[in-house]
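The values are calculated or read from the model by the stated rules, or taken from the named source; none is laboratory data. Here the structure is a predicted model, which is why all the values come from computation and not from measurement. Heads up, the Cβs are rebuilt from the backbone with ideal geometry, glycines too, and the neighbour counts pull from every protein chain shown. For accessibility, only protein heavy atoms count, side chains too; no ligands or nucleic acids. Shrake-Rupley method; radii C 1.70, N 1.55, O 1.52, S 1.80 Å.
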Amino acid sequence: MASNVGVIGSGAAGLITAHVLRQDGFNVQIISRDQTPGGVWSEKRVYKGLTINNVHGEFQFSPMAMPPPADSSKTGGRLQGEDMRDYMQTFSERFLKNAIRYNTEVLQIERTDDEFSPWSVTVRNTMTLSQEVLKFSRLVLCTGGCETPKIPSYLSQAAADNVGFKGLIIHSRNFAASLDDLLTAVQPISIKPDNPHHVVVVGGGKSAQDAASFLANQGRKVTVVFHKANGFLAVSTPLPDFIRKSRFLSVMGPTIDLNTRLERFLHNTWLGSKFVHSFWRFLQNRSYKAFEVPPNSPLRRTHSLFWSVHTSDEGAKRDDSFYSLVNAGQIELISGKVTGYTPDGTGVALNNGSTLHADAIILATGYSSSWEGLFDQKTAEDLGITRHPPRKAPIADEWNYASLADPPPAHPQQEQWAASIYRGIVPAKNVLQKNFAINGAVFTTNNGYAYEVTAHWISAYFQGELQRAPSSPEEAIEEGDRTGRWMRKRFPDQLLWINESYSTGIEFFSWPQYIDKLLQDIGCRSLRSGGNWLTWPFKVIDLQEIADLKEERDSLREARLKASD
């Protein structure tokens, strides 16, 4: 086969994609502007105490087991950023040695007329600034959705300079890399207890909470300003695996296709829908209780666990966690919005007319699409990779699920744009070319499993081995548009928040049903965790279920070849 494939990005999706493609005989080169592998878990983005939403066994790949954390029994296997960094580095050393080109920034991707190398990638060495053009026969985009900082203009460095603000301004993406400067500039409260230095964190999501927790644990004065906090899942003691690592949470949310009797009962009947919403309200209230969140706390002003993906999985209570630190008075909360810098340059102004002095500001204001600027206009249009407004009005009675009655207020659907990406992997307009794919842009809660199955799907697609695939771009576009309609109905307004490089599909808790589709597409067995009519929602999903996917696909290929003889 010996086809030259470029993988853009050395995060988790890029690493497992490259490994699977290499196992299938492709020549692969990973291009990364980072100095080390891991993407969001690379050396310069991880700091001590950073925890992630996953527990041990969820964010790893089948070729290499991850050692359990040292305090696994106490925390339920809660993973730290350092665990992820070490795992990604070891995986890269073991399976991708000399396959990653570091310190290489992609400037532009263009489609060419070359039959054998239709992709031209202009890159720049970030150390020497020298440029060159690389040619590939196939390309996989794995740049993820948490790479390019999104900073409102009124909080930009230019806006700060206009009023003479002298403090540090750091986006949460660069928090770890800026820690030495930050901890030097902002002294501990104990140094000046009567007039301590002050850090203002803007945002209520997990990045904001992580930064605030780190600084409070370092003895710094911290205030977090947010309009609405993430919904969160929390427990007094770790959940059993048959709840935490099974399909149970996935069936408690509706999916684009209800394929089982249990799902149809839960989401198509009045009684089932009452049970579903009662369950999610119970989880939220149980989480408040587990973390002792007072009834009048701003932390009860959260996004819905059912309707939103603004959700953090906090696990069991820890004394050094954000919620414990808030309860201990070590982090101050303000429910509101920062509207800009004060005219005298001493801090920030709030929407209620008050001001906050700040010696440093952490902007946990989200991310823009990592695809911005990568493609020239013609290539972007030819691929069909950009978002567009809905082509059709909502279809009457489409997904008229009982569980989706009474959604929260939302912007008009015409404002909620989505791209037409088949299965969240292939731009629909390019589906017959079999030379371009995306991994890591579907929003799920189990990235390790999802990325690995997606990598197998991509390899099968490149080789023309999908057992179930659209026969035309028009068919793929219709399926992509259907996915867009579903995302707007299932998760109102979320497309306005999640950037396009992380929302080609929003599967979230329903990721097992999405993975079943991908497995069926490549002709492999789905519902791999097994179980009977009663037990299947509670069977633990284990990554080793997909450890033999390559052998399974090889057997299918051999069977097809024998049948064609």
Setting aside same-chain residues fewer than 8 positions from residue 221, which aspartates and glutamates have a Cα under 20 Å from its Cα? 180, 181, 194, 210, 319, 320, 332, 359
Kirkwood hydrodynamic radius (Cα pairs, Å) of the range 129-254? 18.8 Å
Quick check: with the 1.4 Å probe, what order do 107, 233, 383 take by accessible area, largest first? 107, 233, 383
Cα Rg over Rh - the chain, Kirkwood: 0.96
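Placing +1 at every Lys and Arg Cβ and -1 at every Asp and Glu Cβ, with all other atoms neutral, what dipole size does the chain have around its Cα centre, in debye to the nearest 20? It would help to have the intermediate numbers written out before the result.
Details: 59 positive and 60 negative charges, 234 e Å.
Computed about the Cα centre, the dipole is about 1120 debye.
From the C-alpha coordinates alone, can you work out the Kirkwood hydrodynamic radius of the range 361-452, in Å? If you can, show how the numbers build up before the last one.
Details: mean 1/r = 0.0611 Å⁻¹.
Evaluated on the range 361-452, it is 16.4 Å.
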Test item: Cα-centred dipole of the range 432-503, Lys/Arg +1 and Asp/Glu -1 on Cβ, debye: 200 debye
Distance histogram for the range 188-237 (every C-alpha pair counted, 10 angstrom bins, percent rounded to whole numbers): 25, 42, 26, 7
Using a ≥ b ≥ c from the Cα gyration tensor of the range 414-565 (square roots of the eigenvalues), is it rounded, prolate or oblate, where a/c under 1.5 gives rounded and otherwise the larger of a/b and b/c decides, a/b for prolate? oblate
If you average the alpha carbon positions of the range 340-388 and of the range 15-84, how far apart do those two centres end up, in angstrom? 27 Å
Can you tell me the convex hull volume per residue for the range 1-155, based on C-alpha atoms, in Å³ to the nearest whole number? 139 Å³
Of the cross-linked pairs 228/337; 44/74; 150/206; 48/166; 74/539; 245/274, which ones have a Cα-Cα span greater than 19 Å in the structure shown? 44/74; 48/166; 74/539; 245/274
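Can you show me the helix-derived [θ] at 222 nm for the chain, built from DSSP H runs with n ≥ 4 at -39,500 (n - 2.57) apiece and divided by the number of residues, rounded to the nearest 500.
Working: 16 runs with 168 residues, N = 565.
-9000 deg cm²/dmol, from helical runs alone.
Please list the three semi-axes, largest first and in whole Å, of the ellipsoid equivalent to the range 106-196, using sqrt of 5 times the eigenvalues of its alpha carbon gyration tensor. Walk me through the intermediate numbers first.
Values: eigenvalues 368, 45, 32 Å².
That gives 43, 15, 13 Å for the three semi-axes.
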When DSSP beta bridges are limited to those with both residues in the chain, what percentage is antiparallel, rounded to the nearest 5? 40 percent
Using a 1.4 Å probe, how large is the accessible area of residue 95, given in Å² and rounded to the nearest 10? 50 Å²
Where does the Debye-calculated log10 I(q)/I(0) of the range 517-565 sit at q = 0.17, 0.26, 0.30, 0.31 Å⁻¹, using only Cα point scatterers of equal weight, no solvent? -0.61, -1.00, -1.12, -1.14
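Given Cα positions, please report Rg to Rh for the range 480-565, the hydrodynamic radius being the Kirkwood one. Don't skip to the answer; put the middle values down first.
Values: Rg = 17.0 Å, Rh = 15.7 Å.
Rg divided by Rh gives 1.09.
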Using alpha carbon positions and the Kirkwood radius, the Rg to Rh ratio of the range 1-73 is 1.04
Surface/4 of the Cα convex hull for the range 47-129, nm²: 8.6 nm²
Place a +1 charge on the Cβ of each Lys and Arg in the range 139-224 and a -1 charge on the Cβ of each Asp and Glu, then give the dipole magnitude about the Cα centre in debye, rounded to the nearest 20. 160 debye
